[in-house]
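The values are calculated or read from the model by the stated rules, or taken from the named source; none is laboratory data. Keep in mind it's a predicted model, so treat the numbers as computed, not measured. Glycine also receives a Cβ, built like all others from the backbone with ideal geometry; neighbour counts cover every protein chain displayed. The protein model used for the area step is the full one, side chains on, heavy atoms only, and it has no ligands, DNA or RNA in it. Shrake-Rupley method; radii C 1.70, N 1.55, O 1.52, S 1.80 Å.
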Amino acid sequence: MELREKIKRFFGVDILGNASEKRELWLDFCKTVAIFLVLLGHAVQYSGKSGMDNPLWTFIYSFHMPLFMFVSGIFVGKSMSLPFGRFLYKKFVQLLLPVVCWSVVYLIFIHGGISLYFELVNVFEPYLWFLKVLFLCHLAMFLLMKLSSSSVWTGVLVAIIVMLPVGEYEYSLFGFMLPFFFCGYLFGKYKTVLVDNLHKVLFISLPVFIALFVGWKYRYTIYYSNSPLVSLSPFAFDFDAAFIYLYRFVLGLSGTVAAVLLCKLLYDRFKNARCMPYLLSIGKCTLGIYVLQTYAMDYYLFRMKPGFSFWETCVYSIPIAVSVLLCCWIVVCCLDSNRWTRLLFLGKKV
């Protein structure tokens, strides 16, 4: 633990936190893999001449955000028994308060102050979309589970929400993510059975993902194909969009399940490795890392745009992603050491 002590002396924070905290550690390792894929995808996107049709970018974006939403859904069952008011307050503090606080800091840092209302609105819309969608997914699941008597009916209601004729981009992201959040809830509910049959489930999910990925195109991602399935004036059902929706869902779900189970295998194999406590600590900080990398990579790398070739992009992107990940992790640990920064910027209880 020499590195831990050096960082503690230099920054005044313990990067590994409370080791006695009861958690399913392999899921923290899975979250570390997920956040690294987010950073790597952004590094590829902003490094190449045409980052979005880079095969590495296409691979990552076929499942990496569904993976994040799926893992979040695994833990949703713990909040379903709360009274609605307490549930709403808890999720607002956890997910939306950091959005507000970071957006205000961003405006002050970039523009020297919040001079106009529309500036704040413009920041809220494109940035930190995952946290806003995650809040809506929590809220939708809470209400749907109060309305339905079984997981089957909840799944039916989720499918209906996806098909609602709403064309706004933000709703498309919500409709895209909600099924993965629901599937994560189901995985958490039957986790013991699925993990006990890990190799059988992996034997199904991994080949399905590989087979579908062969025909996957970057234009199928939610960022390009987000037209509503149903239109009302005149009434019509878009079968081409339905194919993309279904293709995207099955590909994302199979890739997500395969990634989760592979992370379980890797954790079991290397859980005693010297680097594992640090990887698990990163997994506990994913919310803050996601926020920080949004501004560090989306804002600054987007403006650098070096325009590398495919292989140059791959070589360049990995050390960039690792460096940003480590820097954001340290900053989050520093924020976590103070009760007010922990509340305002990380959404954690004081």
Two-site label geometry, TRP153 and LEU326: point separation in nm, points 7 Å out along Cα→Cβ: 5.3 nm
Integer Hz, Karplus 6.51/-1.76/1.60 couplings in order for segment 259-265, x for Gly and Pro: 5, 4, 6, 5, 5, 4, 5
Segment 202-250 - accessible surface per residue (Å², probe 1.4 Å): 64 Å²
GLU168-LEU88 FRET efficiency (beta carbon distance; Förster radius 30 Å; 0.05 resolution): 0.85
By average C-beta atoms within 10 angstrom, highest first, the peptides 79-87, 214-222: 214-222, 79-87
Percent of Cα pairs exceeding the 21 Å cut-off, where the set is segment 213-286: 51 percent
Over 28 Å (Cα to Cα) - which of LYS146/LYS191; LYS217/LYS348; LYS189/LYS348; LYS132/LYS284; LYS31/LYS348; LYS90/LYS217 fall in this group: LYS217/LYS348; LYS90/LYS217
Cut-off under 5 Å, modelled amide H: who pairs with GLY347 long-range: none
J(HN,Hα) series, segment 170-185, from Karplus relation 6.51 cos²θ - 1.76 cosθ + 1.60, nearest Hz, glycine and proline x: 4, 5, 4, 5, 5, x, 5, 7, 4, x, 5, 4, 5, 5, x, 4
Apportionment of accessible area to carbon and sulfur, segment 221-270, percent (1.4 Å): 71 percent
Segment 165-250: radius of gyration and largest Cα-Cα distance (Dmax), Å: 15.8, 50
Principal axis dimensions, segment 156-315 - Cα atoms, whole angstrom, descending: 62, 47, 31
